[in-house]
Amino acid sequence: MGGARHPRLEHRIGGLEKADGRGGISYDPDNHDRMVRLRAAKIDGITVPDIEVDDPDGDAELLVLGWGSTYGPIGAGARRVRALGRKVAQAHLRT
C-alpha cells in the first residue's frame, strides 16, 4: 500500500473549507466570505418544482415524504393507515 505518491494526484475530502481555485485548506476570512457567497449562489440557482401531495380529505395530520423506489410502499402504507381512520398524506420527490 505504501510507495511514493505524486503530489498533484492527492485528493482531499472533508468538512474544512478550501481555498478558492486551489483546493488547499484555508482559514482566510476573505476566502471564507467568497466561498459562502458561492455556495449561496448555487443554492439560489436550484429550481424546486411544485410537489403534488396526496391528501384525499385535505386535513392530514402527518405527511409521509418519499423518493425513488419508495413510492409504491409509501402509497400502500398510507392507504392502510387511512383505512384505520388516521389522517395521513403522502408526497413523492422526483428529480
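Entry note, region 53-93: relative contact order of 61 percent, from Cα contacts under 8 Å with a spacing of 6+ residues. When you filter the GluC sites (Glu not before Pro) in region 17-95 for DSSP loop state and at most 13 other Cβ atoms inside 10 Å of their Cβ, you are left with GLU52, GLU61. Exposure proxy for LEU38, LEU93: other Cβ atoms within 10 Å of each Cβ, ordered fewest to most, give LEU38, LEU93. So, in Å, what gap is there between the alpha-carbon centers of region 57-95 and region 12-53? Taking the Cα centre of region 12-53 as reference, the centre of region 57-95 is 34 Å away.
Read the figures in this text as sums done on the coordinates, not as results from a lab. All values reported here derive from a predicted model rather than from experimental measurement. Please note: Cβ atoms are built from the backbone with ideal geometry, for glycine as well, and neighbour counts cover all protein chains shown.
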